[in-house]
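The values are calculated or read from the model by the stated rules, or taken from the named source; none is laboratory data. Just so it is clear, the model here is predicted, and its values are computed rather than measured. Every residue, glycine among them, receives a Cβ derived from its backbone with ideal geometry; neighbour counts consider all protein chains shown. Surface accessibility is based on the protein's heavy atoms, side chains included, excluding ligands, DNA and RNA. Shrake-Rupley method; radii C 1.70, N 1.55, O 1.52, S 1.80 Å.
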Amino acid sequence: MIAPSILSADFAHLASEANAVEGSDWLHVDVMDGHFVPNLTLGLPVVESLIKATDIPLDCHLMIDNPGRWAPSYAEAGAYNVTIHAEATDDPVAVARDIRAAGGKAGLSVKPNTPIEPYLEILRDFDTLLVMSVEPGFGGQSFIPSVLEKARIVRRLVDSGELRLVVEIDGGINSNTIEQAAEAGIDCFVAGSAVYNTADPGAAVRTLRRQAASVWAP
Ligand code: DX5
Ligand code: ZN
């Protein structure tokens, strides 16, 4: 799956920017609060409008403190997947339960330096694991390949049937990096600048999908 990130899109034209990547699996929406990460982006009102403007399922990546307070509202609004950060809450399982009760899929994200081992047990309460391959906060940063070890660990647990979840990666994904991520067992690729900082975002999505697919089914 390919999930273009609108962080690199034109925020004054979000509806047409979403339409430009029609056929994408998910549309990745980065919610930043200026506290959990140094950057500030958008919140629930914009997500509500975006849901009305596109048929692409929204993948909301909440880089915010106190996610328990806000995450369920995104699911209630109709976001398909709502991902919170493991580092932002003491009780990620309770938040996942609330997201699911509000009708959404629940995702857990880990920053590049956060180990995955302490979270393996609770991943059964989630639908998505989002492995950050840059420090969250900004688009256009360089891919950190060492995080792929976390993807490999979780991929093995998914393949053996111990876990059922989408393994997603976010940060620095482009034509030079997507194949190594696919080899590590990623099945959903977020890409911001590699999609929107091009003349034809739709074509960029198709190229990335072809590259990932060539690894999965050569
Ligand atoms: C960064 C965001 C990413 C960002 C990725 O904190 O979570 O979703 O849009 O941008 P690129 O693909 O340019 O690294
Ligand atoms: Zn993101």
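Does Glu168 meet the test of being closer than 19 Å to Tyr119 by Cβ and either more than 14 Å from the chain's Cα centre (by Cα) or more than 16 Å from ligand 2 (Cβ to nearest atom) (or both)? Walk me through it before giving the result.
Numbers: closer than 19 Å to Tyr119 by Cβ: yes; either more than 14 Å from the chain's Cα centre (by Cα) or more than 16 Å from ligand 2 (Cβ to nearest atom) (or both): no.
No: the conditions fail for Glu168.
Lys111 is checked against (1) touching a residue at least 60 places away in the same chain (Cβ under 8 Å); (2) closer than 23 Å to Phe36 by Cα; (3) touching a strand residue (DSSP E or B) at 6+ places or on another chain (Cβ under 7 Å) and fails just one. What number does that condition carry?
Only one criterion in (1) touching a residue at least 60 places away in the same chain (Cβ under 8 Å); (2) closer than 23 Å to Phe36 by Cα; (3) touching a strand residue (DSSP E or B) at 6+ places or on another chain (Cβ under 7 Å) is unmet by Lys111, namely (1).
Looking at Ala213 and the list (1) of a type in the set (A, V, I, L, M); (2) within 13 Å of ligand 1 (Cβ to nearest atom); (3) open to solvent by 10 Å² or more (accessible area, probe 1.4 Å), which single condition is not satisfied?
(2)
Of everything in the range 121-150, what is away from ligand 1 (no atom under 12 Å from the Cβ) and farther than 27 Å from Glu76 by Cα? Give them in sequence order.
Restricting attention to the range 121-150, the residues satisfying the condition of being away from ligand 1 (no atom under 12 Å from the Cβ) are 121-129, 145-150.
Pro145, Ser146, Val147, Leu148, Glu149, Lys150 - these are the residues of the range 121-150 that are away from ligand 1 (no atom under 12 Å from the Cβ) and farther than 27 Å from Glu76 by Cα.
Assuming Asp170 fulfils every condition listed in (1) within 21 Å of Ile144 (Cα to Cα); (2) more than 8 Å from ligand 1 (Cβ to nearest atom) apart from one, which condition is it?
So the condition that Asp170 fails would be (2).
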